[in-house]
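See below for the structure under consideration.
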Amino acid sequence: MNLLFIIGILFSLFFSNIILLPLPFNQYAYMLAREQIKQHDRAVQAQNNLNSKEKIVNLYLELLQVKEYVNTKTYFYPSRPIETAIENITKSSFYQFLQLLPKGGNLHIHEFQILDRKLFLESIKNSPEYDLLYICDQNDCIKNKYYLSYYKNNVPNGWTKVKDSNWTISDIIKKTTLIGILNDLKTPIYSTDTEARWNLADQYGVFNFYGDLIRHNVTRFNYMKLVLDHALEENIQLLEFRRGFFGNLFYFDENGLRISINATEELDLLLKFKKDYISKNPKFIDFIFLIYSSRQSSKEQIKIHINNLINLQHLYPDFIRGYDMVGEEDKGHTILFHSDSLINAFNYSKTTNGSFDLVFHAGETNWPENHLPSNYGDGVSTFENIYDALVLRTRRIGHGLSLAKRPDMYEYIRQRQIAIEVCPASNQLLGYVADLRNHPGIVYHRSGIPIVLGGDDPGSFGYNQLTIDFYLATMAWGLNLADLKQFAWNSIQYSSLPDNRKKEGFQKWENQWNLFIDSSYILACNQTFSNVIMNISDILPTYGPYNQSINITLFGSGFEIAICKNIICKFGEKETNGIFIDLNEIICPTPLTNNDISIVPISIVINNEIFESGLNYKFVSSLIIIDDETLTTTTPSKSDKFVIVNQKLIAGLLILLLTFIL
Ligand SMILES: [Zn+2]
């Protein structure tokens with residue numbers, strides 16, 4: 001029995017697919033195993049390999065990032081309420097560097113919740129419409145407190161003309177953005193109180209304050225221009241706007257009456273606007289629309305919405321590209337509740353030659369699947385929206401926070417290349433992820449699921465566009481340039497653009513990317529480090545074979561001195577070329593020597609300047625490594641005294657021995 005048991009174990013060792021590392025029975029084997037596991041990890045970290053220039057820019061990014069870690073050590077913004085951190089974040093040099101990074105597209109953005117309210121109000125202040133701007137601020141203005149609207153005449157009770165009042169733009173912002181309102185509360189709302197944060201937004205009308213202004217035809221196009229201009233300032237070249245139905249636009253006639261502009265007229269105006277904008281700003285790729293309904297709507301309402309949408313979409317197949325349902329997911333209906341109408345939308349999508357998809361917000365919840373179903377008696381929990389979104393072949397998943405608890409689904413999502421739209425700042429502000437270091441977005445990314453970063457509702461929250469999300473994700477998750485490049489690439493690849501437009505999109509983004517790399521490379525190489533002292537604190541392993549080149553790692557600080565410079569490693573008098581890994585890690589390949597045994601001092605040379613490590617390396621004649629076949633890179637010749645013993649060989653020998661004894 002015992003014999004069979006032992007043989008069983010040995011056989012499982014013999015034939016298993018588990019990746020086994022060299023056994024760390026000495027320092028040399030330890031470092032080989034460590035190098036191996038690290039290389040494996042690095043290989044999955046980013047699919048985009050960086051070229052030599054990008055590697056330098058990556059070191060520059062790392063340097064700025066490390067400085068930011070030092071500056072924010074005691075108050076780390078990604079783990080603090082964003083409403084207390086936003087101002088300091090935008091002032092940092094790391095944020096300003098990220099602002100210039102070409103980000104591709106912003107694929108999760110609600111059209112009328114984007115623009116920084118300050119920019120919006122300033123543009124109105126400089127336009128003739130400022131004369132028409134009123135704010136609902138008087139005592140008899142209860143329901144629409146602080147809403148903004150245009151009136152030419154017949155101003156209702158409770159409204160004050162902004163131009164003739166004491167209202168300043170910053171005062172209005174404080175009353176009409178979520179961050180402004182949160183900072184104004186006498187008792188702060190707890191950072192994980194999702195329900196209270198949504199209630200606050202709904203109670204004050206955070207998503208509606210400006211709703212009437214953007215219905216005015218002139219303001220609407222001014223708004224759109226500002227959104228696109230500021231997207232380009234943040235190097236965002238593509239926008240997928242989620243929005244409600246078209247057909248709410250109006251203009252004033254000479255009597256001050258509101259005259260409606262219907263949906264097709266509005267779309268035609270938008271197409272013309274887009275054509276003009278792209279001809280003036282050729283680096284801009286495109287903007288397209290995903291139309292949504294509120295998930296709180298009744299079945300009948302959703303049915304009507306989808307029928308209307310189908311009638312409009314086939315007229316504008318390159319412009320209207322999908323459908324979604326929005327609003328607080330835990331409070332609205334589930335996807336299953338509306339499935340009858342959504343099946344219609346799905347069937348329609350199959351007739352459109354790929355011009356129309358369902359693109360759901362799904363899994364924006366912290367509750368597990370057995371949490372009470374929504375208030376409406378849907379019968380299933382919010383958690384299950386992920387299932388239904390996949391059933392309806394969602395093109396992407398908006399937020400997808402609940403998916404974190406279902407790693408068994410990752411393979412399905414990976415295979416079908418369904419991107420997750422991750423919105424770190426929004427998730428934190430609405431109380432879903434208080435500490436962004438633990439946001440599941442990084443898990444999806446490292447699991448090989450494509451992710452894109454999205455801004456969600458930055459203007460209504462109280463900031464602008466997308467750089468803030470890049471800052472928070474990069475700092476919280478320790479991202480590097482390859483990761484950010486991947487996100488940007490994903491945002492074009494997984495966008496709803498038609499394929500021919502995607503190709504053009506990639507070209508335009510690559511142009512911007514190359515310009516960014518060129519200018520950042522110059523910045524990186526022109527740095528001076530007069531106050532930095534290089535210190536090599538450790539070398540591992542400290543010994544290795546004399547007749548075979550292996551990589552040894554130099555750990556330390558101040559390595560930024562070597563950015564853009566050649567690194568020469570010196571083992572005594574022998575030299576090899578060093579490899580810059582990151583700001584505290586340089587790899588030195590060992591030279592081959594003729595002497596069997598010798599101990600040499602290690603130093604590195606940068607720009608003819610020698611940096612002594614004060615540490616030694618020992619060449620040895622004989623080493624035994626117990627390997628498990630993963631060390632295929634080390635293939636010593638027959639005459640080597642450097643011996644690699646294969647673990648399977650040991651197992652085989654043990655089987656023979658045991659069989660012999662027993
Ligand atoms: Zn959203």
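For the reader, a short list of remarks on this structure follows.
- Distance (nanometres) between label positions extended 7 Å along Cα→Cβ at Leu232 and Asp184: 3.5
- Judged by a Cβ-Cβ distance under 4.7 Å, the unpaired cysteines of the chain are Cys423.
- Mean separation of Cα contacts under 8 Å (6+ apart) over length of segment 509-627, as relative contact order %: 25
- Cα-based Kirkwood hydrodynamic radius, segment 308-438, one decimal, Å: 15.5
- Angle between the chain longest axis and helix 194-204 axis [Cα atoms, degrees, rounded to 10]: 30
- Loop trypsin sites (Lys or Arg not before Pro), segment 21-81 (other Cβ atoms within 10 Å of the site Cβ: 12 or fewer; DSSP): Lys73
- Peptides ranked, highest mean first, by Cβ atoms within 10 Å: ranges 499-512, 92-105: 92-105, 499-512
- Charge sum, other residues only, whose C-beta stays under 9 Å from Glu369's C-beta, Lys/Arg counted +1 and Asp/Glu -1: 0
- Positive minus negative residues near Arg395 (Lys, Arg vs Asp, Glu; Cβ under 14 Å): +2
- Here the Kirkwood formula, the inverse mean of 1/r across different C-alpha pairs, assigns segment 91-212 a hydrodynamic radius of 16.5 Å.
- Annotation note: GluC sites (Glu not before Pro) in segment 567-598 located in DSSP loop regions with a Cβ neighbour count of at most 16 within 10 Å are Glu573.
- Compactness relative to 2.2 N^0.38 Å, alpha carbon Rg of the chain: 1.16
- Where GluC sites (Glu not before Pro) fall in DSSP loop in segment 249-298, at most 11 other Cβ within 10 Å: Glu254
- Virtual paramagnetic centre 7 Å along Cα→Cβ of Leu50, amide N under 16 Å, in segment 474-498: 474-475, 477-489
- Environment charge of Phe250, counting only residues whose C-beta is closer than 15 Å and scoring Lys/Arg +1, Asp/Glu -1: -2
Just so you know, all these numbers are worked out from the coordinates, no wet-lab data involved. Quantities reported herein were computed from a predicted structural model and do not represent experimental measurements. Don't worry about glycine lacking a Cβ; one is built from the backbone with ideal geometry, like all the others, and counts go over all protein chains shown.
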